[in-house]
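Here the structure comes first, spelled out in C-alpha cells, and everything after it is commentary.
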Amino acid sequence: MILGLAGFAISAIGVAIQLLPRHFSASEQSQIKAWEVMRRWQTIPAGQIFPASVPYQLSAQVLQDVIPLDLHALRVGIAPQESDCAKAVTSAAVGAALRKNGCEAVLRATYMDATRSYVMTVGVAVLPNAAAAASADSGLAAPRLTAAREAGAGGRLPAGVQVVGLGGAAGVYDYHRQIVKSFTKGPYLIMYAVGYADSRPRVPVSDDPYSDAEMISMAAGVADSVAHTLAAAPAPPRCPGAPGC
C-alpha cells in the first residue's frame, strides 16, 4: 500500500508538472528573444521597417533659436531586397566582410527631407547574430560625420551602403555621398549615406554648416527608427501552459 501510494504521488506530480505553465530558464529566454529579433526582417512588412514618414529634430543651437524644430523625412522608394550583400555596399573589401560573416540580405530605402533638398539611403545588412554584425561593421572604415574637402583620395569618405538612385527628373535622386555612417543593433548592421538632392559634389562642412547639421539629424533619425523597429527588445517569452508546450 505504501509503495502504491508513493507511485500515485509521483504520478500526480508528473501530471501536475505537465499541466502547469512552463518556466523558461534565463538562457532559454535569451535564445527565444534573439530568434524573434532575427526573424523580424522577414516577418515585418517593408513599409513598416521603412515607414513613409520619420520625424527628426533640429536643435535650437543649430537654429540659433530658443526652441528646436520638428521635421519629417519622407520615403521616396524602397529598393528590391539584395541577396548578394556585396552589391549593396561601395567597397569590395566591405562586401567580402559581409559575405565572410554570413550576410543573408541587404534591405535599402531612400528618403528626402520635406523641401527635397537632401536625400539619403538607409541600408540594413542582415547577419546571423550580433557578433557577426559587429565583425562585419569592423570592415567599414571608422565613420566620420564630416564632409570630404575634395573628391580625391585625401578626403575620401569611408565605405558604406551603396546609394539607391531612383531616377526622376534630372536624376534628382542620384547623389554624391556627403556623410556616411554605420552602427550595429542586434544582428543588424545599419548603414546610411546622405547628400544634397541636386547632385552637387561633396563640399566642406564649413561651407554649409546648417545643411550638414540637418543631413546628420535626418539620417540619424531615419536610421534609428529602422534599427528600433528591427531590434527592439521583445517581451519576455511566456508558455501558455498546455501539455507539450
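For segment 193-237, the candidate set comprises residues that are charged (D, E, K, R) and in a helix (DSSP H, G or I); within that set, the residue that is farthest from the chain's Cα centre (by Cα) is D207. Scanning segment 202-226 for residues that are within 19 Å of V76 (Cα to Cα) and open to solvent by less than 50 Å² (accessible area, probe 1.4 Å) yields a count of 12. Scanning segment 178-201 for residues that are surrounded by fewer than 21 Cβ atoms within 10 Å (Cβ to Cβ) and either at pLDDT 90 or above or in contact with a Phe, Trp or Tyr (Cβ under 9 Å, 6 or more places away or on another chain) (or both) gives F183, K185, G186, Y196, A197, D198, S199, R200.
Taking the numbered list (1) touching a strand residue (DSSP E or B) at 6+ places or on another chain (Cβ under 8 Å); (2) in a helix (DSSP H, G or I) in turn, A86 passes all entries but (1).
Selection within segment 46-80: residues that are farther than 17 Å from A193 by Cβ, part of a loop (DSSP other than H, G, I, E, B) and at pLDDT 95 or above. The member of this set that is least open to solvent (accessible area, probe 1.4 Å) is P51.
The values are calculated or read from the model by the stated rules, or taken from the named source; none is laboratory data. Computed from a prediction, not measured in an experiment: that's the story for all the values here. Please note: Cβ atoms are built from the backbone with ideal geometry, for glycine as well, and neighbour counts cover all protein chains shown. When the accessible area is computed, the model is the full protein with side chains, heavy atoms only, and any ligands, DNA or RNA have been set aside. Shrake-Rupley method; radii C 1.70, N 1.55, O 1.52, S 1.80 Å.
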